[in-house]
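The values are calculated or read from the model by the stated rules, or taken from the named source; none is laboratory data. Keep in mind it's a predicted model, so treat the numbers as computed, not measured. So basically every Cβ, Gly included, is an ideal-geometry build from the backbone, and we count neighbours across all protein chains shown.
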Amino acid sequence: MIVVMQPQATEAQIQQIVERLEGLGFNVHRTTGVEQSILACVGRMIDFDLREIEVLPGVAEARRISSPYKLAGRSFRPQNTEVRAGAMGVGGRELAVIAGPCSVESLHQLSEIAESVAAAGARGLRGGAFKPRTSPYSFQGLGQEGLRILRHVCDRFGLVAVSEVMSETQIPMMLDTVDILQVGARNMQNYNLLRELGKVRRPILLKRGIAATIEELLLSAEYIMAGGNYDVILCERGIRTFENYTRNTLDLSAVPVVHKLSHLPIVADPSHGTGRRDQVPAMARAAVACGADGLLIEVHSDPDHALSDGAQSLDLPQFAHLMDELRQIAPVVDRQVTAATPAVPAHQA
């Protein structure tokens, strides 16, 4: 249920409504719009008469919501949500670009990549410390040492740190080092993990599962938001179809659909969406054109010798060229891309 308060409703009246709703068995989540407050009420299973709420002082209207996701839906927050992490905003006019390797391999490797992507205009640095690999014999990441390297490099080059969390036990150590916690496609429906992430106050980058519908993605976001963490960034990273030329099928139609159904920002991951570096630039350009709020792109200084996902990683010149192309496309859809800056020499960093 959604309760829309009158523009002139006082704080005391709003608090009275919240207490009444909680007494009826609802969990109440409040958002404040430009002119009025909206209360999203979830949790009660037994029906009741809406007029009990509509007649209370300060209430403009009360209505039931048919969609299974309440907090992630447009009814709860009609205006777009911009999620901020450090100097980067996701969901505003500036296109948020997060770039970096699939996994942190060494301090030298990550420093070289970070220096280049920062100069090209990226705001965030991605780098996996714990890697959920399909094969148990593949490189699994550097673990806590990888997190320490990521934090050091991000501080050095002024980038936002993004890394994947795989289980509830990893959350405390990641809160010390990571600015945005990424939930991978395999964990999109790991509800125990999502509940725990709802308790933290740190942005969450939630990737769509390989066989998940858009509604299921929004319901996973709802798990996080129901815990009180509203800083959720959705990510379209491709779904599994019968096509096998690309690694996945990047469903860019999900971008305008999510924007219609939800206030949450959505970014696109053309690297996992295609699995081929020769396809990444075209799909990145298409993602910006269709309205994505940002891009998550795998970049490596030596992709042919990367320890994971080298085939889908751009090299440093390719990424810089792509950023130049995005600067031409972005203004057409009322976006802007951070300007390129000269690289900082290592002895000055």
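Within the stretch 19-30, can one find any residue that is in a loop (DSSP other than H, G, I, E, B) and loosely packed, with under 11 Cβ neighbours inside 10 Å?
Taking every residue of the stretch 19-30 in turn, none turns out to be in a loop (DSSP other than H, G, I, E, B) and loosely packed, with under 11 Cβ neighbours inside 10 Å.
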Count, please, the residues in the stretch 293-320 that happen to be of a type in the set (D, E, K, R) and farther than 15 Å from PRO281 by Cβ.
4
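Taking the criterion of being out of contact with any Pro (no Cβ under 6 Å at 6 or more places or on another chain), among the hydroxyl-bearing types (Ser, Thr, Tyr) and either exposed (fewer than 13 other Cβ atoms within 10 Å of the Cβ) or assigned to a loop (DSSP other than H, G, I, E, B) (or both), would at least one residue in the stretch 4-11 satisfy it? Write out each step before concluding.
So the first thing to find is which residues in the stretch 4-11 are out of contact with any Pro (no Cβ under 6 Å at 6 or more places or on another chain), and the list is 4-11.
Remaining after also requiring among the hydroxyl-bearing types (Ser, Thr, Tyr): 10.
Subset that is either exposed (fewer than 13 other Cβ atoms within 10 Å of the Cβ) or assigned to a loop (DSSP other than H, G, I, E, B) (or both): 10.
Taking every residue of the stretch 4-11 in turn, at least one turns out to be out of contact with any Pro (no Cβ under 6 Å at 6 or more places or on another chain), among the hydroxyl-bearing types (Ser, Thr, Tyr) and either exposed (fewer than 13 other Cβ atoms within 10 Å of the Cβ) or assigned to a loop (DSSP other than H, G, I, E, B) (or both).
I want to confirm something. Restricting to the stretch 30-51 and keeping residues that are among the acidic types (Asp, Glu) and free of Cβ contacts under 8 Å to residues at least 12 places away in the same chain, which single residue is nearest to GLY198 (Cα to Cα)? Let's see the steps before the verdict.
Narrowing the stretch 30-51 to residues among the acidic types (Asp, Glu): 35, 47, 49.
Pick out the ones that are also free of Cβ contacts under 8 Å to residues at least 12 places away in the same chain and you get 47, 49.
Values: ASP47: 27, ASP49: 31 Å.
Selected residue: ASP47.
On the given criteria, is ILE65 surrounded by 13 or more Cβ atoms within 10 Å (Cβ to Cβ) and under 22 Å from LEU206 (Cβ atoms)?
Values: surrounded by 13 or more Cβ atoms within 10 Å (Cβ to Cβ): yes; under 22 Å from LEU206 (Cβ atoms): yes.
Yes, satisfied.
Here is a check on your reading of the model: is LEU21 of a type in the set (A, V, I, L, M), closer than 22 Å to SER163 by Cβ and in contact (Cβ under 8 Å) with a residue 24 or more places away in the chain? Give the derivation first.
On the way: of a type in the set (A, V, I, L, M): yes; closer than 22 Å to SER163 by Cβ: no; in contact (Cβ under 8 Å) with a residue 24 or more places away in the chain: yes.
The answer is no for LEU21.
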The residue that is farthest from LEU175 (Cα to Cα), considering only those in the stretch 192-212 that are aliphatic (A, V, I, L, M) and not in a helix (DSSP H, G or I), is ALA211
Among (1) modelled with pLDDT of 95 or more; (2) at positive phi - the single one GLY143 does not satisfy
(1)
Taking the stretch 52-78 and keeping residues touching a residue at least 60 places away in the same chain (Cβ under 8 Å), over 16 Å from ASN229 (Cα atoms) and touching a strand residue (DSSP E or B) at 6+ places or on another chain (Cβ under 9 Å) leaves ALA62, ARG63, ARG64, ILE65, SER67, ARG74, SER75, PRO78
Answer yes if at least one residue in the stretch 226-234 is surrounded by fewer than 22 Cβ atoms within 10 Å (Cβ to Cβ) and either on the phi > 0 side of the Ramachandran plot or not assigned by TED's automatic domain parsing to the domain that holds GLY158 (or both), and no otherwise.
yes
Restricted to the stretch 292-316, and to residues that are touching a helix residue (DSSP H, G or I) at 6+ places or on another chain (Cβ under 7 Å) and among the hydroxyl-bearing types (Ser, Thr, Tyr), which residue is surrounded by the most Cβ atoms within 10 Å (Cβ to Cβ)?
SER313
